[in-house]
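Encoded as structure tokens, the structure appears first; notes follow it.
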């Protein structure tokens, strides 16, 4: 029978200490591994980051990251379901002319798209500089009037988008939109980018689901930005110029002042943000996402 001695008791204590250290080390490693494999948190840590994080995602061309951080986790499944059902293309619906996106994707993804699109351009727009400039001015004036008088916009959105439309309209009135060589290069780049992402139309986008669909759109989004810069509309320069500061915060709501340059024109806007479960989100994006995720309204037709 083993009888503990003073020496063996000391050894036992040392073994206990070593065991505790080993357990602590293992727990620490497990926690680090869990953190590394845990899904990234949605939203932002501060009101200002709610704006600048989304801007950084657009600068990087990461539409999926934008969608991830723009909404709380509980909203994501409903958004994906609405996307797959064809009821929504949020967050693409936040883009200008979003209603034309399905038709544009179908056209870009169609067989012989380069030939068809160039024929359409040559027939309708080639050399029509004066007409395109006049149309840009007219469309800009119409859009500003619409923003001021109608539409489902918050006051902050109206003030912000009016500045965007004015800057874009002035750019379009001077841009070489009727240039045949630029048009050919643009069509070729956009068609190639759509094919690289495996997007041959809006139906393929919907079948992929929201996150994967946005991932597959990344090459096309990057190509659009690159081609716009050749026309003098450098979106990456715009994203790089962003300055965001906290204007006011009251509890779980805040307002961020956003300043940047769009096609050389200064834009100064206020962005409402709100906190949910400790994370911050842009209020208008969140409102639009909730509308997009809402269940389809049953038809009342008889």
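Summary of computed values
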{"read-out": "Residues satisfying the stated conditions in segment 258-270, i.e. touching a residue at least 12 places away in the same chain (Cβ under 8 Å), under 26 Å from residue 229 (Cα atoms) and part of a strand (DSSP E or B)", "value": "258, 259, 260, 261, 262, 265, 267, 268, 269"}
{"read-out": "Candidate set from segment 236-254 (those that are assigned to a strand (DSSP E or B) and in contact (Cβ under 8 Å) with a residue 40 or more places away in the chain); member that is farthest from residue 171 (Cα to Cα)", "value": "249"}
{"read-out": "Test: residue in segment 72-88 that is within 17 Å of the chain's Cα centre (by Cα) and either at pLDDT below 95 or on the phi > 0 side of the Ramachandran plot (or both)", "value": "yes"}
{"read-out": "Pick from segment 52-65, criterion free of Cβ contacts under 8 Å to residues at least 60 places away in the same chain and buried (at least 17 other Cβ atoms within 10 Å of the Cβ), ranking: farthest from the chain's Cα centre (by Cα)", "value": "53"}
{"read-out": "Pair list, Cβ under 8 Å, 6 or more apart: segment 104-133 residue without any contact (Cβ under 8 Å) to a residue 60 or more places away in the chain and on the phi > 0 side of the Ramachandran plot, other residue exposed (fewer than 15 other Cβ atoms within 10 Å of the Cβ) and in a helix (DSSP H, G or I)", "value": "127/180"}
{"read-out": "Condition met for residue 152 (farther than 23 Å from residue 99 by Cβ and either surrounded by fewer than 16 Cβ atoms within 10 Å (Cβ to Cβ) or in contact with a strand residue (DSSP E or B) (Cβ under 6 Å, 6 or more places away or on another chain) (or both))", "value": "no"}
{"read-out": "Residue in segment 61-77 that is farther than 25 Å from residue 235 by Cα and not in a helix (DSSP H, G or I) present", "value": "yes"}
{"read-out": "Matching residues, segment 218-234, being closer than 30 Å to residue 266 by Cβ and in a helix (DSSP H, G or I)", "value": "218, 220, 221, 222, 223, 224, 225, 226, 227, 228, 229, 230"}
{"read-out": "Among the candidates 56, 65, residue that is out of contact with any strand residue (DSSP E or B) (no Cβ under 9 Å at 6 or more places or on another chain) and farther than 14 Å from residue 211 by Cα", "value": "56"}
{"read-out": "Restricting segment 31-45 to residues that are part of a loop (DSSP other than H, G, I, E, B) and under 16 Å from the mean Cα position of the chain (by Cα), the residue that is modelled with the highest pLDDT", "value": "43"}
{"read-out": "Filter pass, residue 54 being over 28 Å from residue 237 (Cβ atoms), part of a helix (DSSP H, G or I) and at pLDDT 95 or above", "value": "no"}
{"read-out": "Yes/no for residue 48 being assigned to a helix (DSSP H, G or I), touching a strand residue (DSSP E or B) at 6+ places or on another chain (Cβ under 8 Å) and either surrounded by fewer than 17 Cβ atoms within 10 Å (Cβ to Cβ) or in contact (Cβ under 8 Å) with a residue 24 or more places away in the chain (or both)", "value": "yes"}
{"read-out": "Boolean, residue 214 is touching a helix residue (DSSP H, G or I) at 6+ places or on another chain (Cβ under 8 Å), crowded, with 18+ Cβ neighbours inside 10 Å and either within 16 Å of residue 70 (Cβ to Cβ) or without any contact (Cβ under 8 Å) to a residue 24 or more places away in the chain (or both)", "value": "yes"}
{"read-out": "Sole residue being surrounded by fewer than 18 Cβ atoms within 10 Å (Cβ to Cβ) and touching a strand residue (DSSP E or B) at 6+ places or on another chain (Cβ under 8 Å), chosen from 238, 230, 253", "value": "253"}
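Here's the yes/no breakdown for (1) within 30 Å of residue 282 (Cα to Cα); (2) more than 25 Å from the chain's Cα centre (by Cα); (3) surrounded by fewer than 15 Cβ atoms within 10 Å (Cβ to Cβ):
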{"residue": "138", "(1), (2), (3)": "no, yes, yes"}
{"residue": "157", "(1), (2), (3)": "yes, no, no"}
{"residue": "169", "(1), (2), (3)": "yes, no, no"}
{"residue": "176", "(1), (2), (3)": "no, yes, yes"}
{"residue": "182", "(1), (2), (3)": "no, yes, no"}
{"residue": "188", "(1), (2), (3)": "no, no, no"}
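The values are calculated or read from the model by the stated rules, or taken from the named source; none is laboratory data. Predicted model only: the values in this text are computed from it and were never measured. Please note: Cβ atoms are built from the backbone with ideal geometry, for glycine as well, and neighbour counts cover all protein chains shown.
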